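The structure appears right after this line, and notes come after that.
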Amino acid sequence: MEIYLASASPRRKELLTQIGIDYEVRVSGADENVGLEDPALYVEELSKRKAFAVTEELLEEGKTDFIVIGADTVVSFGGKILGKPARKVDAVRMLESLSGNTHEVYTGVTVIKKDKDALNVSENGDTGACLNVNTFHEETKVTFYEMSLSEIGEYVETCDPMDKAGAYGIQGFCARYIKGIEGDYNNVVGLPIGHLYQLLKNL
């Protein structure tokens, strides 16, 4: 059974490798403009889009017996979704809001298995290839220590925040500002691998 990761995220790749999953990366060209404000629904929808985009490519190639994993992560604070900063000034603004506060990290995961015994399912309800589709999300609460403006500036200058939701990576330089977490640490890194593994095992 071939497994495909519909993501170019180096953190997700490291996590899958860490738990002994053999996979191939297939970056999806899915539309990421999701008109949803609820962070849990947002990440679930985007994970579906990514997984279905890669699944369609594989089906067109005549692939059989495969699993596709799609995922997306966002930070939520004060009822607002914080994605990846477009500019350094955006990263500074995000970190200023997170400093000294508790926020939520949501990761949505969709796992699609091509299974001839499953019911016909597709993103838009069309019949066609028999697909087993499972979607879930994990939420983790993260609390920051207070960060001074100079500390925020120092961190932003490392450029580490620029490709990360909420403008920080918990596993890197920013770990010095993490006061505590409630929930799955790996979910904050980018993939709740414990929950994912249990699902893959059941499939």
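The values are calculated or read from the model by the stated rules, or taken from the named source; none is laboratory data. Note that the structure is predicted; figures quoted are calculated from it, not measured. Please note: Cβ atoms are built from the backbone with ideal geometry, for glycine as well, and neighbour counts cover all protein chains shown.
Before we move on, is ILE193 of a type in the set (A, V, I, L, M), in contact (Cβ under 8 Å) with a residue 24 or more places away in the chain, surrounded by 15 or more Cβ atoms within 10 Å (Cβ to Cβ) and within 19 Å of ASN101 (Cβ to Cβ)? Outline the logic, then answer.
Working: of a type in the set (A, V, I, L, M): yes; in contact (Cβ under 8 Å) with a residue 24 or more places away in the chain: yes; surrounded by 15 or more Cβ atoms within 10 Å (Cβ to Cβ): yes; within 19 Å of ASN101 (Cβ to Cβ): no.
No, not satisfied.
Which is surrounded by fewer than 18 Cβ atoms within 10 Å (Cβ to Cβ) and assigned to a helix (DSSP H, G or I), of GLU32, GLU44, GLU37, GLU57?
Details: GLU32 fails: assigned to a helix (DSSP H, G or I); GLU44 fails: surrounded by fewer than 18 Cβ atoms within 10 Å (Cβ to Cβ); GLU37 fails: assigned to a helix (DSSP H, G or I).
It is GLU57.
Conditions first: (1) in contact with a helix residue (DSSP H, G or I) (Cβ under 9 Å, 6 or more places away or on another chain); (2) surrounded by fewer than 18 Cβ atoms within 10 Å (Cβ to Cβ). THR73 passes all but one, so which condition is the exception?
(2)
Could you list all residues from the stretch 158-176 that are of a type outside the set (Gly, Ala, Ser), free of Cβ contacts under 8 Å to residues at least 60 places away in the same chain and out of contact with any helix residue (DSSP H, G or I) (no Cβ under 7 Å at 6 or more places or on another chain)?
CYS159, ARG176
Quick check on the stretch 148-165. Is at least one of its residues part of a helix (DSSP H, G or I), within 12 Å of the chain's Cα centre (by Cα) and surrounded by 19 or more Cβ atoms within 10 Å (Cβ to Cβ)? Steps first, please.
Within the stretch 148-165, the first condition is being part of a helix (DSSP H, G or I), and the residues that meet it are 149-157, 160-163, 165.
From the residues that got through so far, the ones that are within 12 Å of the chain's Cα centre (by Cα) too are 165.
Still in the list and also surrounded by 19 or more Cβ atoms within 10 Å (Cβ to Cβ): 165.
Checked against the condition, which is being part of a helix (DSSP H, G or I), within 12 Å of the chain's Cα centre (by Cα) and surrounded by 19 or more Cβ atoms within 10 Å (Cβ to Cβ), the stretch 148-165 yields at least one hit.
Out of (1) exposed (fewer than 15 other Cβ atoms within 10 Å of the Cβ); (2) closer than 28 Å to MET147 by Cα; (3) not β-branched (Val, Ile, Thr), the odd one out for LEU82 is which?
Only one criterion in (1) exposed (fewer than 15 other Cβ atoms within 10 Å of the Cβ); (2) closer than 28 Å to MET147 by Cα; (3) not β-branched (Val, Ile, Thr) is unmet by LEU82, namely (1).
For the stretch 90-99, indicate whether the set of residues that are over 13 Å from the mean Cα position of the chain (by Cα), surrounded by fewer than 16 Cβ atoms within 10 Å (Cβ to Cβ) and closer than 25 Å to PRO192 by Cβ is non-empty.
Going residue by residue through the stretch 90-99, those that are over 13 Å from the mean Cα position of the chain (by Cα) are 90-99.
Okay, now just the ones that are also surrounded by fewer than 16 Cβ atoms within 10 Å (Cβ to Cβ), so 93, 96.
With the extra rule that they be closer than 25 Å to PRO192 by Cβ, the set shrinks to none.
No, because not a single residue in the stretch 90-99 is over 13 Å from the mean Cα position of the chain (by Cα), surrounded by fewer than 16 Cβ atoms within 10 Å (Cβ to Cβ) and closer than 25 Å to PRO192 by Cβ.
Name the single residue that is farthest from MET1 (Cα to Cα) among those in the stretch 60-85 being among the charged types (D, E, K, R) and in a strand (DSSP E or B).
Within the stretch 60-85, the match that is farthest from MET1 (Cα to Cα) is LYS80.
Test each condition in (1) within 24 Å of ASP72 (Cβ to Cβ); (2) modelled with pLDDT of 95 or more; (3) of a type in the set (Gly, Ala, Ser) for ALA129 and report the one that comes out false.
The one condition ALA129 does not meet is (2).
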